[in-house]
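The block underneath contains the structure these notes are about, expressed in structure tokens.
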Amino acid sequence: MVVPVYTQIVEAIKAKIDSGELKPGDAIDSENTLCKEFGASRMTIRKGLGILAQEGYIYSIPGKGNFVKKPDLTKYTIYYDEMSNTINSVDRTRLLEVNIIMPDDTLADNLQISKRKNVISIKRLFFTEGNPVAYDIKYLLYHRGMPIVEKELQYATFSEMLSKTTPAFALKKELLISAEIPDEKVKHYLNIYKELPVLVVEQKLFNRDNKPMGMGFTYYRGDYIKIHGTNQ
């Protein structure tokens, strides 16, 4: 299989950056030099440089050229799935209730709706090897005629719950992670009898117009959850 020239350019410059041959702030060879080195057109060179810029390897200064970008070591990509983490996977769920409710002030503000707008409330309990490991609450905007299929909700992730009304690739996601001392209801569901903190993952999902489509809270036993992140 022939590797496109622009891909060769990308990989060659990445290799120099990853090996330390090119350091943050160093100039990348000019377009003319790269054209001669790879026997490529200026358009092909610019395509390769564009990919490097998009991936965060380089930046451009008009009239001066392209330079190696200093990596942002504070950014991580978090991998989160309600049903699976690096310690365990959920092997059973119990659907506790599905109700149509009127939101309180806090929920209405978060969903940017009036308090007279109906919301679907879904509460579940997650188990691993027979032990309750997480108490899950989701709130979805209700639309008249919207079917509520309890079997589909029982094992669905948050994105899957909304995928019938909003394409998955159109959803924007926001996570807030915190540690809390659980209230009596959460303690009861998770069989917590001591002052064991729980990890709370708050999710918000938005459409392309940044309008909230739903929000949720998942309360995990602290001894049953790890969330993995990477800067790659």
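Computed from the coordinates by the stated procedures, all read-outs in this text should not be read as laboratory data. All figures in this text were calculated on a predicted structure; none of them were measured in a lab. Neighbour counts are summed over all protein chains in view; Cβ atoms, including those assigned to glycine, are modelled from backbone coordinates with ideal geometry.
Taking H as built 1.01 Å from N, whose amide H comes closer than 5 Å to the amide H of ILE28, not counting residues under 5 places away?
The list, which skips near neighbours in sequence, is ASN66, PHE67, VAL68.
Less than 14 Å Cβ to Cβ from GLY56, Lys/Arg counted +1 and Asp/Glu -1: what total charge do the surrounding residues give?
+1
So what J values fall out for the range 57-72 if you push phi through Karplus, 6.51 cos²θ - 1.76 cosθ + 1.60 with θ = phi - 60°, rounded to Hz, Gly and Pro as x?
Values per residue, Gly and Pro as x: 8, 9, 9, 10, 10, x, x, 10, x, 10, 9, 6, 8, 6, x, 8 Hz.
Do any chymotrypsin sites (Phe, Trp or Tyr not before Pro) in the range 106-200 lie in a loop, going by DSSP, with at most 10 other beta-carbon atoms within 10 Å of their beta carbon, and if so which?
TYR193
Go through LYS172/LYS194; LYS117/LYS226; LYS23/LYS64; LYS75/LYS185; LYS47/LYS69 and tell me which ones have a Cα-Cα distance over 26 Å in this structure.
LYS172/LYS194; LYS117/LYS226; LYS75/LYS185
Return the sequence-ordered ³J(HN,Hα) values of the range 174-191 in whole Hz as given by the Karplus equation 6.51 cos²θ - 1.76 cosθ + 1.60 applied to θ = phi - 60°, using x for Gly and Pro.
9, 10, 10, 10, 8, 10, 9, 7, x, 7, 5, 5, 5, 4, 4, 5, 9, 6
Determine, for LEU176, LEU73, the number of other Cβ atoms within 10 Å of each Cβ, and report the residues in order from fewest to most.
Ordered by Cβ neighbours within 10 Å, fewest first: LEU73, LEU176.
Order of MET43, MET161, MET215, MET102 from fewest to most other C-beta atoms within 10 Å?
So the residues, fewest neighbours to most, are MET43, MET102, MET161, MET215.
When the label point is put 7 Å from the Cα of VAL5 along its Cα-to-beta-carbon vector, which residues of the range 22-54 have a backbone N closer than 18 Å?
29-52
Note down the nm distance, to one decimal, between modelled labels 7 Å out along Cα→Cβ at ILE177 and at ASN131.
According to this spin-label approximation, the distance is 2.0 nm.
Could you derive backbone 3J(HN,Hα) for the range 122-128 from the dihedral phi with the Karplus parameters 6.51, -1.76 and 1.60 (θ = phi - 60°), listing whole Hz in sequence and x where the residue is Gly or Pro?
Residue by residue, the range 122-128 yields 10, 10, 9, 10, 9, 10, 10 Hz.
Given the Cα-Cα distance of GLU31 and ASP209 and 0.36 nm per residue of separation, how much length would full extension add, in nm?
Value of the extension gain: 60.3 nm.
With N residues in the range 49-102, what two-decimal value do you get for its Cα radius of gyration over 2.2 N^0.38 Å?
Working it through for the range 49-102, the quotient is 2.22.
At most 13 other Cβ atoms within 10 Å and a DSSP loop assignment: could you name the trypsin sites (Lys or Arg not before Pro) in the range 19-115 that fit?
Those satisfying the criteria are LYS64, LYS75, LYS115.
Summarise the long-distance tail of P(r) for the range 5-68 by giving the % of C-alpha pairs beyond 19 Å.
That fraction is 20 percent.
How big is the equivalent ellipsoid of the chain along its three axes, where each semi-axis is √(5λ) from the Cα gyration tensor, reported in whole Å from largest to smallest?
47, 22, 16
With the contact rule set at Cα under 8 Å and sequence spacing of 6 or more, what percent relative contact order holds for the range 5-68?
43
Which GluC sites (Glu not before Pro) does the range 23-91 hold that lie in a coil by DSSP with at most 15 other beta carbons within 10 Å?
GLU55
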